[in-house]
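Here it is, the structure in full.
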Amino acid sequence: MTQVELHHGAATDVGLVRTVNEDAYLVAPPIFVVADGMGGHADGEFASRTVVEEFTRLAEGYDPTRGTETVTAVLEASQRRLLEHGRLGMRGPGTTVVAALLVEDDGEPAWLLVNLGDSRIYAVRGGALEQVSTDHSVVQELVDSGEITAAEADEHPERHVITRALGGPRLEPPDFFVLPVTEVERLLLCSDGVSGLVDDDRIAAILAESPDPRDAADRLVAAALEAGGDDNATAVVVDVVGLVPDQAYDSEQQRVSLEQKLGALP
Ligand code: MN
């Protein structure tokens, strides 16, 4: 597979209102995760940390050819641990999860993007920001059915109510998206503490003004705090900085092709 060079940055902050940061993230190239835990106090922290731990385990000896099935196994293992924790007398811990993993898709590098809940994945493609994931939330359902507008969703009293997450009574199916690596300049994974407080235009401007992904992540979290910081805020920014073709393979192809041409000469 073509080698892909990635640069990344990550930032998280408890915010200005909460006392505990229940968000967690993982940067273990080529695996990146943001999780937003729920359940209050230790439970939310436990839930987001659990899914990050399970992805960390996946990062050790990672096989890019087995993308979707390994992610499903990670989510199942996380779900088992959350249910077990719930049985030990704690209130049911839950967490959202968004993940980006480099996988091999037909021999070519691709991003496998995963979403469960209302954390978000954005991609910068051709200089433009687009939201890749769709929130699993009550307000997203109301927007989809045309009952409210996207602008009304931002102010809706139930804007924090999610319809799918890890840790519920049964494992809900995540959404999967696959994007060719060559089409994506930058990925942003963030919790709703960023996307709920910083609008898409501002997110796009910060990403455009911050060539270094570490600055981009720091500035996105800072913008969430400036906007009130009423939730934990986490951002992970990943840049595809270069594709290095497998040299051995290419030179072999060229040699064979040259021999064929020479052999074809009269
Ligand atoms: Mn949150």
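Provide the gained length on full extension for the span residue 131 to residue 106, in nm with one decimal, where the gain is 0.36 nm per separating residue minus the Cα-Cα distance.
6.5 nm
Another question, if that's okay. Show me the GluC sites (Glu not before Pro) within segment 1-91 that DSSP assigns to loop and that have at most 14 other Cβ atoms within 10 Å of their Cβ.
For GluC sites (Glu not before Pro) across segment 1-91 that sit outside H, G, I, E and B with at most 14 neighbouring Cβ atoms in 10 Å, the list reads 60.
A further question on this structure: So if we plug the beta-carbon distance of residue 172 and residue 147 into 1/(1 + (r/R0)^6) with R0 = 22 Å, what FRET efficiency do we get, rounded to 0.05?
With R0 = 22 Å, the Cβ-Cβ based efficiency is 0.45.
Next up: Whole Å is fine, so just give me how far the alpha carbon centre of segment 118-168 lies from that of segment 1-22.
Using only Cα atoms to place each centre, the spacing works out to 20 Å.
So, one more: Could you give the nm distance between label points at residue 2 and residue 56, where each point is 7 Å from its Cα heading toward the beta carbon?
3.3
If each of residue 200 and residue 72 carries a label point 7 Å out from its Cα toward its Cβ, how far apart are those two points in nm?
3.1
What is the sum of charges, Lys and Arg at +1 and Asp and Glu at -1, for the other residues whose Cβ falls under 13 Å from the Cβ of residue 52?
-3
Test of the criteria: in segment 178-240, which GluC sites (Glu not before Pro) are in a DSSP loop and have at most 11 other Cβ atoms within 10 angstrom of their Cβ?
none
Can you list the HN-Hα couplings for segment 22-30, worked out from phi with the Karplus curve (6.51, -1.76, 1.60; θ = phi - 60°), rounded to whole Hz and with x for Gly and Pro?
Residue by residue, segment 22-30 yields 8, 7, 8, 9, 9, 10, 9, x, x Hz.
Further question on the same structure: Are there trypsin sites (Lys or Arg not before Pro) in segment 77-163 that DSSP puts in a loop and that have at most 14 other Cβ atoms within 10 Å, and which ones?
91
Pop out the ³J(HN,Hα) list for segment 223-232 in order, Karplus 6.51 cos²θ - 1.76 cosθ + 1.60 with θ = phi - 60°, rounded to Hz; leave Gly and Pro as x.
5, 5, 5, 4, 7, x, x, 7, 8, 4
None of the figures in this text is laboratory data; all of them are computed from the coordinates on show. Please read all numbers here as calculations on a predicted model, not as lab measurements. Neighbour counts are summed over all protein chains in view; Cβ atoms, including those assigned to glycine, are modelled from backbone coordinates with ideal geometry.
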